[in-house]
Structure formats: C-alpha cells, structure tokens
Amino acid sequence: MTTDTTTRTRKPRLRGERGPLASVALHLTLAVASVIAVFPPLWLLVTSLKPKDEAFTTDLVKDFTFSNYAHVLGETEFLTWLGNSLMVVGLTTVIGVFISATTGYAVSRFKFPGMRPLMWLLLVTQMFPVAVLIVPLYNLLATLGLLNQPVGLVITYLTIAIPFCAWMMKGYFDTIPVEIDEAGRVDGLNPFGVFWRLVLPLAKPGLAVTGFYSFITGWAEVAYASAFMTGEENLTLAGGLQTFVNQYTSDWGSLTASAVIVAVPAAVIFGFAQRHLVAGLTAGATKS
C-alpha cells in the first residue's frame, strides 16, 4: 500500500528536465571549466606582481611589487609600441567597419551579376593559413614600399577582417525590412542616404560585432606584425612583447606585466560591445 501511494504521489519528470545527479554533474563541470578558464590570466597577473627572481615559483605573491610595471612603462619602448598598435588598430577598425557595412548592404539590397561568386570568394579567402600568405604578402608590401609602414599592416589586417565581416553584415542587413529603404527613397533620399541615415542606425548590433572583430584582428595578431615590422620604434605590441623573451634573454616579469596592460583595452572594448555581440552574431549566422 505504501509503495503504491509513493508511486502515485511522485511527480513525472517533464521532458528536458534534469534529475538531481545530472544537475550536480552539470554544475560541477561548469565549475571546473570556469577554474580552467580563469587560472591562466589569474596566474599571469600574479606573476607580474612578483620580483623577477621569483617568477617561476609556485607560491603566491610574497614580496608584492610593481617594479615590473615600472620597468615596462619607464625603461622600455612599450609606450611606443602601444601608440603604434593603437594607430594601426584604430585605422583597421574604422576602415574595416565602413567597408564591411557598405559591402554587406550592397550585396543584401542590390542584385548584380557575380554576386554569389563574390560572397563565396569572401569565404574562400578565410581558408588560407597565415603561413601560406606571409611570403606573398611580404613580397607585395616590399614592392609597394610598405614594409615597416603602419599603412602596410593596416591593409594586411583589412584583408583578414573584411571578408568575414562583410558576410556577417550582409546577413544582418537581410533582417532589416526592405520597406524602410523604400520609404526613404519616397522621401527623396538617394541609396547612400537611405543606407547612412535609415538602415545603418538599425544595424548597431552587427556593427558592434564587426568593430570588435576588426579590433581583435589587429590587436592580437602576431605573425604579420613580426614579419612586416622591424626596428623597435616601428614594432606594435605583438612584436614588441617578443623582445622580452627570446633566444637571448628571458624577462618573464616584464612580459607578464606587459601582457596584463595589453589585456585592459581589449577588456574595455568587449565591455562596451558585449550587449550587442550575441544579437549581431546570431543575426549574421542565421541569414545568408
């Protein structure tokens, strides 16, 4: 009798509802994954606050010091590298967003011969590994006299950022009703006026993703920056940080302090763009 009553009072599990053991396993897995994700940047920060002779110790900070940061900011070319990076990344982001937005809008709204091959070509360009492209790009920049020039690095980064961003912006513009364009033309706006004054303000999530991707492309890229820029006064952060640890020297304190400083602008940009990132990526991924 007791068994029958228990069976009748037990609530049936809804479809998709997790049991207690499954919930515990899920939360435990998420906790472990969070620790794994947070540990590297946390240990980087801890190491940057240690004296140089304690960089490889597994202890937490015993002798708390900012000497590594003082050395990086006052006795190296770090600020020069930072200025070079900000200039290159700023130009890459502004130009990349504008070209990607105009290209995506044109392909979304206008039909012309070769449109689909053009879109596929934009995707195919993303399939070439960096190692294959370094030599031809190096020769091309050398021929044009753009080695050791920020403009050459900007052009290189644009070839990485624009194809992906233009495809994604095309998908986002597809979600904006064409009736808005028609209403603008009725009011006397030309095609660029419709794009600039009516459609572009509605595409802020897509623009946020495009800007963030263009920024990260230039901020975190190492291979091209190391190959195309030489001389400490011309290096960006990606190339400059490699001078701290190489075959001749290993200044891990300066490297970790520099890495922490470099991470701050990326975190700030992500903080401003994060509320638009999910919407922009989702729209760009679900439309073609």
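In bins 5 Å wide, starting from 0, what share of all Cα pairs of the chain does each bin hold, as a percent?
Result, from short to long distances: 1, 5, 9, 11, 12, 12, 11, 10, 8, 7, 5, 3, 2, 2, 1, 1, 0, 0, 0 percent.
Under the rule of -39500 (n - 2.57) per DSSP H run of 4 or more residues, summed and divided by the residues of the chain, what mean residue ellipticity at 222 nm is obtained, to the nearest 500 deg cm²/dmol?
Theoretical 222 nm ellipticity from helices: -23000 deg cm²/dmol.
For VAL245, what residues show an amide H to amide H distance below 5 Å, using hydrogens built from the backbone and excluding near sequence neighbours?
ASP251
Tell me, rounded to the nearest percent, the portion of alpha carbon pairs in segment 48-168 spaced more than 24 Å apart.
The answer is 53 percent, as a whole percent.
What does the highest-first list of 193-205, 249-261, 137-149 look like by mean Cβ count within 10 Å?
Ranking the peptides 193-205, 249-261, 137-149 by packing returns 249-261, 193-205, 137-149.
Quickly rank 62-70, 171-179 as a protection proxy: mean count of other C-beta atoms within 10 Å, highest first.
Final packing ranking: 171-179, 62-70.
Check every DSSP H run in the chain and write down those whose alpha carbon atoms cover 18 angstrom or more along the long axis and whose mean Kyte-Doolittle hydropathy is 0.5 or greater.
Correct list, ordered by number: 20-48, 78-109, 130-144, 150-173, 204-220, 252-286.
Sorted by mean Cβ packing within 10 Å, highest first, what order do the peptides 85-92, 262-269 take?
Final packing ranking: 85-92, 262-269.
Which length gain, in nm to one decimal place, applies between PHE112 and GLU54 when the Cα-Cα distance is subtracted from 0.36 nm times their residue separation?
14.5 nm
Set Lys and Arg Cβ to +1 and Asp and Glu Cβ to -1, take the dipole of the chain about its Cα centre, and tell me which of MET229, PRO201, GLY253 lies farthest positive.
PRO201
Compute the Rg/Rh shape ratio of segment 81-134: radius of gyration over Kirkwood radius, all on alpha-carbon atoms.
Rounded to two decimals, Rg over Rh is 1.11.
No value in this document is a laboratory result; all are computed from the given coordinates. This one's a predicted model, so the numbers in the text were calculated from it and none came from an experiment. We place every Cβ from the backbone using ideal geometry, glycine too, and count neighbours over all the protein chains shown.
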